[in-house]
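First up is the structure itself, then whatever we jot down about it.
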Amino acid sequence: MTKSTMHKSTSSKQNKSLLQGRRDLLKLAAALPLAGSLGACASATAPSTTTVAASKAPVGKPPIQKPIVVSTWEHGMPANAAAWQVLSQGGNALDAVEQGARVPEADPAVRTVGLGGYPDASGEVTLDACIMDHQLNCGSVAGLKRIKHPISVARAVMEKTPHVMLVGEGALAFAKAQGFVEENLLTEQSKQDWLLWREQGKAKSQINLENHDTIGMLALDSHGHLAGACTTSGAAYKLPGRVGDSPLIGAGLYVDQDVGAATATGLGELMIKTVGCHLVVELMRQGLNPQQACQRAVERIAAKIPNAAEAQVGFLALSVNGEVGAYCLHGGFNYAVQDASGATLTDAIHLLPGVVA
Ligand code: SD4
């Protein structure tokens, strides 16, 4: 069951108690002295793989694991399967991540990406996406309306313009000129939820622990090339015009063929303030493995940004050798991995105690 379908099937009574539980967790998390308690919390919640304190990656090169594709959240499983179709036939990582990202974009049950995504505060679904290859080529769109596959528009920006990023009306005009077809992205379910949100007067546009689930995908193909994609409808009920981290190269996605790639999920403002994915890649360049680098980036956010504990952030990284790592602030973030040995879904290790379903 995807997280979205779990949301759908939860009764409103259950929802209330879930929310209360989450509020309690948030209070608890907010009360924690962040920087001072990092080591203790991390080791309390971490399986044995994560004695990541300050150690560097082991000396010596691990065998290269390729092809491989990884992506955020449970909806990463079918997305990875689509990407694997490309990778397992010798296809390139860029095609793989685009094909993979298109799966949740087209799925109305995934409420945080593409068609059926949560709208902004005015009831409009606006999408953010970016894509990047092994040569620092990248393309991005932000605040794109009425186009189901922003990841493919981002790729067209990369390949057919001298620019990296197009936003709003300009992005829509470009997409139409490229042959993308306009359609209504607000499903009946999303509309009803938005109406309810408005009725309840929740005039607050902040990502909380319930309404995130961007897909970020990283792939290493059989030629040894990396690529990444990230696509989202962003924070539910965000202020119109708000842009998150997901379309921002360096914040929501970064790929450097010399080192590896990283993508992020959660409250975008935190990733923007720390240029989070670039940070993860640079930490890997300094010798940390992907797991260690993701942990360090989450710790940086927790230590430097007041009230970071009120939100969720998670990083997922893939080295150029095919090593995978992930780390998040609160429990509840999981990631999907597909390689020749099969497909897995793993709970990421988290910094703060407690798990948010
Ligand atoms: C944003 N980072 O717009 C995105 C939302 C999200 O997992 O990740 N969700 O801030």
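The values are calculated or read from the model by the stated rules, or taken from the named source; none is laboratory data. Here the structure is a predicted model, which means the values were calculated and not measured. Cβ: placed from backbone, ideal geometry, glycine included. Neighbour counts: every protein chain shown. Each accessible area value is taken on the protein alone, full model and side chains, heavy atoms only, with ligands, DNA and RNA left out. Shrake-Rupley method; radii C 1.70, N 1.55, O 1.52, S 1.80 Å.
A few remarks follow.
- Qualifying residue in the range 339-356 (condition: acidic (Asp, Glu), open to solvent by 10 Å² or more (accessible area, probe 1.4 Å), in contact (Cβ under 8 Å) with a residue 12 or more places away in the chain and more than 16 Å from the ligand (Cβ to nearest atom)): yes
- Filter result for TYR237 (open to solvent by 30 Å² or more (accessible area, probe 1.4 Å), more than 8 Å from the ligand (Cβ to nearest atom), of a type in the set (Phe, Trp, Tyr) and within 26 Å of ALA106 (Cα to Cα)): no
- Positions within the range 275-291 being within 15 Å of GLU323 (Cα to Cα) and out of contact with any strand residue (DSSP E or B) (no Cβ under 7 Å at 6 or more places or on another chain), in sequence order: LEU283, ARG285, GLY287, LEU288
- Subset of the range 52-93 that is under 24 Å from the mean Cα position of the chain (by Cα) and among the β-branched types (Val, Ile, Thr) - its residue that is modelled with the lowest pLDDT: VAL52
- Residue list for the range 301-324, restricted to those being away from the ligand (no atom under 16 Å from the Cβ) and either part of a loop (DSSP other than H, G, I, E, B) or crowded, with 20+ Cβ neighbours inside 10 Å (or both): ALA302, PRO306, ALA309, LEU318, SER319, VAL320, ASN321, GLY322, GLU323, VAL324
- The combined condition, being open to solvent by less than 40 Å² (accessible area, probe 1.4 Å) and more than 18 Å from the chain's Cα centre (by Cα), is not fulfilled by VAL298.
- The set of residues in the range 242-272 that are in a loop (DSSP other than H, G, I, E, B) and away from the ligand (no atom under 11 Å from the Cβ) comprises GLY250, GLN257, ASP258, VAL259.
- Of residues in the range 221-234 being under 19 Å from ARG111 (Cβ atoms) and assigned to a loop (DSSP other than H, G, I, E, B), the one nearest to the ligand (Cβ to nearest atom): GLY234
- Candidates in the range 301-341 are the residues that are under 15 Å from the mean Cα position of the chain (by Cα) and hydroxyl-bearing (Ser, Thr, Tyr); of these, the one that is farthest from VAL86 (Cα to Cα) is TYR327.
- Listed by position, the strands (runs of 3 or more DSSP E) enclosed by the range 88-201 that each have at least 1 residues that are open to solvent by 40 Å² or more (accessible area, probe 1.4 Å) are 138-145, 165-167.
- Residues located in the range 96-126, provided they are under 16 Å from CYS230 (Cβ atoms) and not aliphatic (A, V, I, L, M): GLU98, GLN99, GLY100, ARG102, PRO104, GLU105, THR112, GLY114, GLY117, THR126
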